[in-house]
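The values are calculated or read from the model by the stated rules, or taken from the named source; none is laboratory data. All figures in this text were calculated on a predicted structure; none of them were measured in a lab. Positions of Cβ are generated from backbone atoms using ideal geometry, with glycine treated the same way; all protein chains shown enter the neighbour counts.
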Amino acid sequence: MLKRVITFQDFLSGSPAEDYLFQEEAYDRQIERASAMLQKADYVLIGAGAGLSTAAGAQYGGRFFEENFGEFQEKYGRGPYMQDMYSAGFYPYPDEESFWGYWSKQALLAGIDADHTPLHRTLLEMLQGKKIFVLSTNADKQFEKAGLSEEKIFCTQGDYFHIQCVKGCHPKTYDGVELFRQMDRERKDCKIPSELVPKCPVCGGAMNMNLRVDRHFVEDEAWHAAEERFGEFLSEMLADKTSNVVLLELGVGFNTPTIIRFPFEKLAKEHENISLIRLNLKEAIVPESLGDRAVGINADIKKSIEDMRKV
Ligand SMILES: [Zn+2]
């Protein structure tokens, strides 16, 4: 029997071995290149991750957490959980009253009442006249708040505004905003009154935030409609091989790199009219094989965007 030989090149799946080696280019030159790419662009697909919200001013930990969640730190101890709004979400709350006592507050502070849109506005102004679409893993709806039509946004991981059955027993989500406000008013000792605990209208079980934390995440009608619009944008963007396309990746790390980061690299590798701009505080490295078509800027995203605007 003939043995098929698998080579190192096969193993690398078509990526050259030198990709992702350390790249050195002066910051000013990178800003110039990125700015020129954007100016020429007909289509800009924005990929937004947690680093964008942070750069825009969102706060989750440190003094902000102590000031807003001091009561929770006292009750549950600081431990590994009561450090910031990300970790505290995973605390094993003893009952639903405590669970919603915490989550109603996070939903309000991190999403519903959060307003860190000036950077998002700057960005949208900068891209005026281009065909744009936003693919985002953020749950804070800052692009909507900055005035971009919902039609141009696909938030794949849910948001702080909706709740769902904890088991995802039916494909629907429910507006939680008013409920969260009421919970916030009536919270005592970090807990909400039992009568405010939401129950699934179908199975009668517990409810959860509509955030992709496990395989029970509900992709409802609005989610699928956004997915479809994203598909339409991609189809149009990829149909015209003569157009200039820029993938503008903002603050996407390695929490869910499969949603924006890896597909962006794949698109840029497969299409010569596509460029990639990766802005990230620490993880901006780009595949070297993309050559002049990619620029990765390791810096504060807010500063990079403002500097690109000045060019
Ligand atoms: Zn249910």
Report summary line: Checked segment 1-13 for anything assigned to a loop (DSSP other than H, G, I, E, B) and surrounded by fewer than 10 Cβ atoms within 10 Å (Cβ to Cβ); matches are M1, L2, K3, R4, V5, I6, T7, S13
Report task. Would you mind telling me which numbered condition in (1) within 16 Å of the ligand (Cβ to nearest atom); (2) touching a residue at least 60 places away in the same chain (Cβ under 8 Å) D214 fails? Result -> (2)
Requested in this report: Hey, could you check segment 164-195 for residues that are within 16 Å of the ligand (Cβ to nearest atom) and of a type in the set (V, I, T) and say which is surrounded by the fewest Cβ atoms within 10 Å (Cβ to Cβ)?
Outcome: V166
**Report entry** Conditions (1) assigned by TED's automatic domain parsing to the domain that holds L276; (2) over 30 Å from G204 (Cα atoms); number of the one not met by A139
**Finding:** (2)
